[in-house]
Every structure is written in structure tokens, then in C-alpha cells.
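Participant: Before I ask anything, let me first share the structure, which is written out below as C-alpha cells.
The values are calculated or read from the model by the stated rules, or taken from the named source; none is laboratory data. On a predicted model such as this, the values are computed, not experimentally measured, just so you know. Here the Cβ is made from the backbone with ideal geometry for all residues, glycine too, and neighbour counts use every protein chain on show. Keep in mind that these areas ignore ligands, DNA and RNA; they rest on the heavy atoms of the full protein, side chains included. Shrake-Rupley method; radii C 1.70, N 1.55, O 1.52, S 1.80 Å.
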Amino acid sequence: MAIQPEHFDEHACVVVSWSGATGDLSNDWVSSWWEPYAATYIQYFDVLPLTETNSTCFSLHNARHGYRFRYYRGNTLLATSNAVQPNGAYPMHVRVTFVGNEADKLRVHWISNRSAATDPAVTPVVRYGVSPHQLDRVAYANVTTFTHADINTLVGLPHIPIRKAPFDDIASRFLRCGNSFPTNEPCFTDRTACEQFVDPGQLHYAEITDLIPGGTTYYYQVGELSGPVSKVLYVKSPWALGQKVHRRTATLNVDDAISVLLMADGGFGMAREGFRGGALDNKHKTNGFDQVVTAITTHYARKSHGLVTDDFHIFNGDLSYAQGWPYAWEHFHTLTSPIYAHVPIVAGYGNHEVDWGHNPVNDFELRGSDSGGECGLVAAKRFHIANPWYLTTYGPLCVITLSSEHNITVQADYLRQLLPTLDRRAETGCPWLVVQIHRPLYTSCFIEITSMVNRYTLVDLFITYNVDLVYTGHVHFYERTCQISNDVCADWGFRDVWTSLGAVQLSPASMVRCAMNTTYEVFDLPSCRMHCARQGRNATRPCVGVMHEGLLFKCTLLACLDDLIPAAWNLTSMHTMSMESGMPPLYIVDGVAGAEPEPSWTFKSSLTEYKDFVEWGYSRLVVNATQLSFFHYHMDGLVHDSQVLTK
């Protein structure tokens, strides 16, 4: 076997040729193998269709480690090539994140195979400046990584050795999981990330500082002070909280606005010819994240000559769907670096980043094996997620990232402390507030118990503090609801903000004067509150509160409140309503950035305003001081749904 080239920096089409094969070639095949990864190949080609040239081209990423090519007849290895060695010191997988909410800083990340920790002579840096020809400022990098022992300890299982041999019956090209594989093993378990562990390299990150806020373009290179460096890249400085945006958004014709790319559930399990049974084939169905990324970059090519024009990117969990399969992360970063090198990513956790059997959150839905044993560690290291819940401020927009995979009560306490402190004035703060959380709080399909708990823990806070939009994923279709309060479309024209007075009730005399004429039989408290909200602007006698008798399924609307007396705790509770300006949040489910579609979940609910399925896509927010516009795109690059909110 012969190979060309034998070395490369970023990516390469390596031509492999062979000779000397005789006899029946019908079961002959050639494949690429990532050297530290013994389990399976990256890509394969059948030999018989290639007999005219006895050669083919393998597309390879610089994943720091070498590759070899193997010629098989069935399961019998006949020949192995010399190694193709990417330049492991070359900086790969460049991406940008925010440094808290400091508009004069950004954090730049990249990966290579060496740092000062591995070689004292190596000094990783970012060179940057306002001209691509004068990168006159230097930021020195820190480095982190993670080990097999780190993951094995976190997953909470006895020592799990790294797999040293290929899967059985390697020529079968069965998916290495699920019903099609004779062992009927799942695609991923809590053991996967340890069994398939590969050194992730040196994860560099450096803060570029003293930036001029407000969309100033900076140019930069990453790499080593006296070694390999990347090509010159560009990124724009953040807009400070409340900073006035003065420009026309390139992608959509809206004045003085910022533009935010959004997506969730970006799987790309490559169960397709050439990759079936390989290191990227960890899903039961062919997924389409690579096609979604292509659609986004095509949009930039059409609208802005290829320049990345969004200001930042919200990725709401289930990022790579690696699930313990390490080459999937290499592929993910290779796909996304052309975007994330130019705009910061605000990453949230999904179940496929976090969930494992010993998750300390005592919830059976969060104690599965969805992360393949990564336990949140891998995503945290790659995207510098110091805390699963955090605030991002950018011009007229505040974004709160929450985690549906962690303790929601703790996060509710965080919100109670944070939300009253936010400056929501258009002149100085963020008039618009968006929350991202992976699992949906409202959806027309079956809703999990975890999501129900999250809903009733969070939604009142969202209404009280005037959250405008809640962005979710997890289920693999797109759905936009109405603006929801008390589990119904809020058709009463205000935010109904509720305060519980606890187990009290009105004196009998006050009940005669305060109780409204209608008593409702209701199943739950939200239904009781809904009736009051719909009476809230009654011209003659508005509702100001409710008395809910849960065990009797009884709801009494109240037009006044006085002479309260204690009541049996489990029988009666009193709640007051305040009518505030604005509307409850709009809810979006957008789990279509490549994960396998859910074609059977076609039905809608009374909350659904738009829904589509079996269509991959992505979304975009365009926000200025008075208008928030939401757009959802399909792969054709066209807007298929939109919603505009105004203030």
C-alpha cells in the first residue's frame, strides 16, 4: 500500500493505492484507522468498484494522532500502510467564548498536541490586533485537558480499561449498537467514554483583552510563539449591556440590531455508506448536522460574501452527540470551527452531555447513560463551562442559560437572586430576556416527568420577571407556542403575577362580599388562576385573587381580599394576582439541528401556533431596543416560521 501525502496540517485528501490483490475481490475493502483508536475504522471503501485505479482518497482531519490504512479480505487483515502523520502541533478547532459579561474581552480556544505542560520550550499564544497585517498584541494561553482516570472516577465505576482490539466481525459494517448488531449492545453506556478513550490533546485558551466594545473587528492568530500558527482569523468585540447598536444587520434588514444564531440537537451519527460501523456511526439513523452547518455557511455566502455576520451563537444542548465516541468530537469541531472561530458560542448542557447512572441529581430520567459516560466533563472542558447556569449580556439582550440535567431547585434560587437585579431599561440595560434550557417545558408531544417538574418550578418566575422567550430542544421537531401562562394561551393582555398567601381564607362575612358569582370545578391551581386572569380586566368587578380548595377541586374567584383567617393547609390556599404590563413568554422547541427527526409526532396541542417535523434546520434572533424577531430556517435557506415581539 502507498500513501500520499504523508504529512499535513489542517485537513487532507490522502490518496491510498494498492497492488498485488488476486482472486475474488468481492469481500475486499480498504479503510482508514486513527492510530490510538482500536475499536473501528474511520471510513472504508469496497475494493471491487475501484479496480480500474486501485486507489481512492480518504478525507482526514488533523486529530493530532497518526492514521494508517488497512486492506482487508472479509475480517482478515492483508496489508497495513505506513503512518500518515498530521502536524499535531498545528492549532486546530479554534472557537471563541465570552469572558463572563465583560464586553472588552473574549476567550479564544484551540487544541494541539503540546503545551508548556508537555514541552517547556512551547509557549502557546494568541496574537491579535485591529489590522490583519499588524497583530501587535499578545495573549498568553492557559491549558487544560482531561484523562481516562478523570472520566473513570467521575462515572463512579470500577476501573474500565481502554479497548485495545477492533470490534468483532469488523467487516460486517453493522452499527455497533442496537438491534442490528448481534450482541445487541447499546450505542453508548456509562463505560463507553472510558473504553474508547483517546487523549483529547492540550486544550488551550487565552483571553484577548482591552477590546473596544461594540462590534469592533479584531484579527488574530493562535498557535505557538515560536512554532506553528493558524491562518489569520477575525472576530468582533461584544456589545456591552445597554450599549446602543448603530448598524444595519447584514443577514436581515433590521436597523440597529444584533443577530444571534440558535440551534439544538446537532447529531451527525454517520450511518451511511463509507462510514457504517465506523468511529462516527454511533446513532441508529443517519443524522444531518453536517448538512445544517453547510446550510448556515451557504446563508453567509449568499448574504455577506461568506463573512460570519451573526454576533454570537446559542447552542442549546446535545451538541456533538459524541456519547463517549472520541472521533465524533474531532468531527464536530472541524465542522463548526469555520463559524465558532468568528462568533462566540453560548453552550448549554443537554442529556447527551451530562446524564449518567450515578448523576447526583436524584431523578431517574437524569440517571440514564445518554452521555456515554462523559458526565458533563468533556463538554465543560471544551467550552469552558464553569457553571451549568449563567448569564450572558449583549447589547439589548440578556440570555440566561439553565440546565435541565442539574438540580432545578438550586437554579430557581439562582434566578430569584439574579432576576431582580437585571436592568431591563432599554436606555441602559436589556429590554429583552431569553432563557435557554434543553428539555422543553411545553410541547405537543409526550412530556417527561423531569420537564413537568422544571415547568412548575420555573414558569412563575419567568412571568414575574418578564422573560420574553424560552428556547428549548431535546425533542426532534420544531414547534412554536403561543405566549403561555397557567398552561394556556394568555389571551388576557397582561402578565398575571401571582403571590401565594398560604393556607388562609376569608372570613364568612368577607366571602359574601368578596367572592365572585362563579365557582369553578378545577383539577389544579393553574386552571384556577387562569379563570381569574380572564376576569382580571372585567370593567365592573375585576378578579384580584383566588381561593383554591385542592382536595375539593374547587376554585373561587375573589374581587377583594380582607379578614383573612387560618385554613387547613391541605385544603385551602389563597393566591393574589397583580396585573403587570407585558406578556408571558413565548416557548420554542427547536431540536432539529441534525438529530434524527420524529416523523410520528405530528399532532399539535391547543398551545401550538406552528409546528413542523422531518425537517432539519436552525433559527436566528434579530434584536434591537424595541423589537425581537425570531426566524426559523429549513435546509433550503428560507424562513419557514417567524414571530415578532415588540416593546
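Participant: Given segment 526-586, what strands (runs of 3 or more DSSP E) lie entirely inside it while holding 2 or more residues that are surrounded by 21 or more Cβ atoms within 10 Å (Cβ to Cβ)? I'd like the intermediate steps shown before the answer.
Facilitator: Numbers: elements: 545-549, 554-558, 564-566, 573-580.
Correct list: 545-549, 554-558, 573-580.
Participant: Just give me the residues in segment 392-409 being in contact with a helix residue (DSSP H, G or I) (Cβ under 8 Å, 6 or more places away or on another chain), of a type outside the set (A, V, I, L, M, F, W, C) and open to solvent by less than 10 Å² (accessible area, probe 1.4 Å), in sequence order.
Facilitator: Narrowing segment 392-409 to residues in contact with a helix residue (DSSP H, G or I) (Cβ under 8 Å, 6 or more places away or on another chain): 400, 402-406, 408-409.
With of a type outside the set (A, V, I, L, M, F, W, C) added as a condition, the list becomes 403-406, 409.
Once the filter is applied, which keeps residues that are in contact with a helix residue (DSSP H, G or I) (Cβ under 8 Å, 6 or more places away or on another chain), of a type outside the set (A, V, I, L, M, F, W, C) and open to solvent by less than 10 Å² (accessible area, probe 1.4 Å), segment 392-409 yields Ser403, Ser404, Glu405.
Participant: Somewhere in segment 44-63, is a residue in a loop (DSSP other than H, G, I, E, B), over 29 Å from Met92 (Cα atoms) and either touching a residue at least 40 places away in the same chain (Cβ under 8 Å) or in contact with a Cys (Cβ under 6 Å, 6 or more places away or on another chain) (or both)?
Facilitator: If we filter segment 44-63 for residues that are in a loop (DSSP other than H, G, I, E, B), which is where we start, we get 47, 51-54, 62-63.
After this cut, where a residue has to be over 29 Å from Met92 (Cα atoms) as well, the list is 47, 51-54.
From what is left, the residues that are either touching a residue at least 40 places away in the same chain (Cβ under 8 Å) or in contact with a Cys (Cβ under 6 Å, 6 or more places away or on another chain) (or both) are none.
Within segment 44-63, none of the residues are in a loop (DSSP other than H, G, I, E, B), over 29 Å from Met92 (Cα atoms) and either touching a residue at least 40 places away in the same chain (Cβ under 8 Å) or in contact with a Cys (Cβ under 6 Å, 6 or more places away or on another chain) (or both).
Participant: If Asp491 meets every condition in (1) touching a Lys or Arg at 6+ places or on another chain (Cβ under 8 Å); (2) open to solvent by less than 40 Å² (accessible area, probe 1.4 Å); (3) within 30 Å of Lys647 (Cα to Cα); (4) of a type outside the set (Phe, Trp, Tyr) apart from one, which number is that one?
Facilitator: The single condition Asp491 does not satisfy is (2).
Participant: Sort out which residues of segment 616-634 are part of a loop (DSSP other than H, G, I, E, B) and either buried (at least 17 other Cβ atoms within 10 Å of the Cβ) or free of Cβ contacts under 8 Å to residues at least 12 places away in the same chain (or both), and write them in order of number.
Facilitator: Trp616, Asn624, Ala625
Participant: Those residues that are at pLDDT below 95 and open to solvent by less than 10 Å² (accessible area, probe 1.4 Å), I need them from segment 20-39; list them, please.
Facilitator: Ala39
Participant: Determine, yes or no, whether Ala593 is out of contact with any helix residue (DSSP H, G or I) (no Cβ under 8 Å at 6 or more places or on another chain) and among the small types (Gly, Ala, Ser).
Facilitator: Judged against the criteria, Ala593 is not a match.
Participant: Among the residues of segment 352-391, write down those that are within 12 Å of Leu319 (Cβ to Cβ), touching a helix residue (DSSP H, G or I) at 6+ places or on another chain (Cβ under 8 Å) and touching a residue at least 40 places away in the same chain (Cβ under 8 Å).
Facilitator: Within segment 352-391, the subset within 12 Å of Leu319 (Cβ to Cβ) is 352-354, 371, 374, 376, 378-380, 382-383, 385.
In the following step, the residues that additionally are touching a helix residue (DSSP H, G or I) at 6+ places or on another chain (Cβ under 8 Å) were identified as 353-354, 371, 374, 376, 378-379, 382, 385.
Hits for segment 352-391 are Glu353, Val354, Ser371, Glu374, Val378, Ala379, Arg382.
Participant: For segment 2-19, give me the residue count where each residue is open to solvent by 70 Å² or more (accessible area, probe 1.4 Å), of a type outside the set (Asp, Glu) and either under 15 Å from Tyr71 (Cα atoms) or not in a strand (DSSP E or B) (or both).
Facilitator: 1
Participant: If you don't mind, another one. Can you pull out the strands (runs of 3 or more DSSP E) entirely within segment 190-281 that have at least 3 residues that are open to solvent by less than 10 Å² (accessible area, probe 1.4 Å) and of a type outside the set (S, T, N, Q)? Spell out how you get there, then give the answer.
Facilitator: Numbers: elements: 202-208, 217-224, 233-236, 258-263.
Result: 202-208, 217-224, 258-263.
Participant: Got a number for residues in segment 316-341 being surrounded by fewer than 24 Cβ atoms within 10 Å (Cβ to Cβ), in contact with a strand residue (DSSP E or B) (Cβ under 8 Å, 6 or more places away or on another chain) and of a type in the set (A, V, I, L, M, F, W, C)?
Facilitator: The number of residues fulfilling the criteria is 2.
Participant: Give the number of residues within segment 588-612 that are within 23 Å of Gly348 (Cα to Cα) and in a loop (DSSP other than H, G, I, E, B). So that I can check it myself, show each step before the final result.
Facilitator: Going residue by residue through segment 588-612, those that are within 23 Å of Gly348 (Cα to Cα) are 588-598.
Filter once more, keeping what is in a loop (DSSP other than H, G, I, E, B): 591-598.
Residues meeting the conditions: 8.
Participant: A follow-up question, please. Quick check on my filter: what residues within segment 58-69 are under 33 Å from the mean Cα position of the chain (by Cα) and of a type outside the set (Lys, Arg)?
Facilitator: Within segment 58-69, Phe58, Ser59, Leu60, His61, Asn62, Ala63, His65, Gly66, Tyr67 meet the criteria.
Participant: Let me ask another. Could you list all residues from segment 97-147 that are assigned to a strand (DSSP E or B) and free of Cβ contacts under 8 Å to residues at least 12 places away in the same chain? Even if it seems obvious, please write down each step before you answer.
Facilitator: Here is the first cut: in segment 97-147, the residues assigned to a strand (DSSP E or B) are 97-98, 106-112, 124-129, 131, 134, 137-140, 142-144.
Result: Gln134, single match.
Participant: Given (1) buried (at least 22 other Cβ atoms within 10 Å of the Cβ); (2) within 12 Å of Tyr587 (Cβ to Cβ), identify the lone condition not met by Gln483.
Facilitator: So the condition that Gln483 fails would be (1).
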